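Colleague: Quick one: this structure, given as structure tokens, is what I'll be asking you about.
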Amino acid sequence: MPTHPSVSPARFYRSETARAEAFSDGVFSIAATILVLGLANPPHRPGGLGHALLRQWPAYLGYVASFSYIAVIWLNHHQAFVRIRMMDRGLHAVNLFVLFMTVALAFPTQVVADAVQSDVSGADARVAVAVYAGVAATLCLSWVALYGWLRHSPGLLESTVEPAYVRHGIIRSAMGALVYGVVGVLGVLITPLIALVAFALLPAFYFVTSEGLPGGGRATYGPSSGGGRFKG
């Protein structure tokens, strides 16, 4: 009987990161683009365009908050993947979870804009900010899952990754989930304006900590960087 050369099972569940990165970048681009669909020419009487445009300020704020959030997600995703040398099925799964929640952000953005424009302190606005906070917090938890998988499977990372990078990633993501949950509760119990301001400001924290929390060590060009690929 003919014999077949033995093949390592690893080839069936390990892969390079290029396809996952390209797919992820495409999803982030689409998710960011979808947000602009929430901005529309408002109905108005002749001569009332200026007032109508000003009145839909919640849509502008929601666009800024959610686009900024997606932008820093893309940045953090890039910073993570320059430190990842190999993918397995578990990492593919948690990466898809991150993408799933990122695309979902467009829904509560529109819900908040519509509800707040109708009545900034009404019951619908309070429910809307709670929905946004819930989706945003779950998005943070998807990052907890991603960093948690990397902690569980350190062999997927480059050897030059900062020792505290993954731990700091888990802390940052868990903090984000907690903060979004708290501001969502405050928006429901006190005023939705608290949540709206927090939604707009929170992405700045993830921008300044995209390479980890202070004390995690500075990133360098690793010896296996392949001609300048940025390594942690």
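Colleague: Grab the beta carbon distance between residue 205 and residue 22, set R0 = 30 Å, and tell me the FRET efficiency rounded to 0.05. Working shown, then result.
Modeller: Numbers: r = 28 Å, r/R0 = 0.93.
After rounding to 0.05, the efficiency reads 0.60.
Colleague: With the cut-off at 1.5 for a/c, could you classify the stretch 101-166 from its C-alpha gyration tensor as rounded, prolate or oblate?
Modeller: Prolate is the answer for the stretch 101-166, as a/c is 1.5 or above and a/b outweighs b/c.
Colleague: Spin-label point model (7 Å from Cα, Cβ direction): what's the residue 164 to residue 93 distance in nm?
Modeller: My value for the distance between the label points is 3.1 nm.
Colleague: Then there's this: Suppose we look only past 22 Å in the calculated P(r) of the stretch 33-162. What percent of the Cα-Cα pairs does that tail hold?
Modeller: 48 percent
Colleague: Quantify, in whole percent, the carbon and sulfur part of the accessible surface of the stretch 59-113 (1.4 Å probe; protein heavy atoms only).
Modeller: Accessible surface attributable to carbon and sulfur in the stretch 59-113 totals 78 percent.
Colleague: Mind giving me the FRET efficiency for residue 174 and residue 103? R0 is 35 Å, r the Cβ-Cβ distance, nearest 0.05 is fine.
Modeller: Result of the calculation: an efficiency of 0.95.
Colleague: Full extension from residue 86 to residue 41: what is 0.36 nm times the residue separation minus their Cα-Cα distance, to one decimal in nm? Walk me through the numbers on the way to the answer.
Modeller: Working: separation 45, 0.36 × 45 = 16.20 nm, distance 4.63 nm.
11.6 nm is the gain from fully extending residue 86 to residue 41.
The values are calculated or read from the model by the stated rules, or taken from the named source; none is laboratory data. Nothing here was measured: the structure is a model prediction, and the numbers come from that model. Neighbour counts are summed over all protein chains in view; Cβ atoms, including those assigned to glycine, are modelled from backbone coordinates with ideal geometry. What goes into the accessible areas is simple: the full protein's heavy atoms, side chains included, and nothing from ligands, DNA or RNA. Shrake-Rupley method; radii C 1.70, N 1.55, O 1.52, S 1.80 Å.
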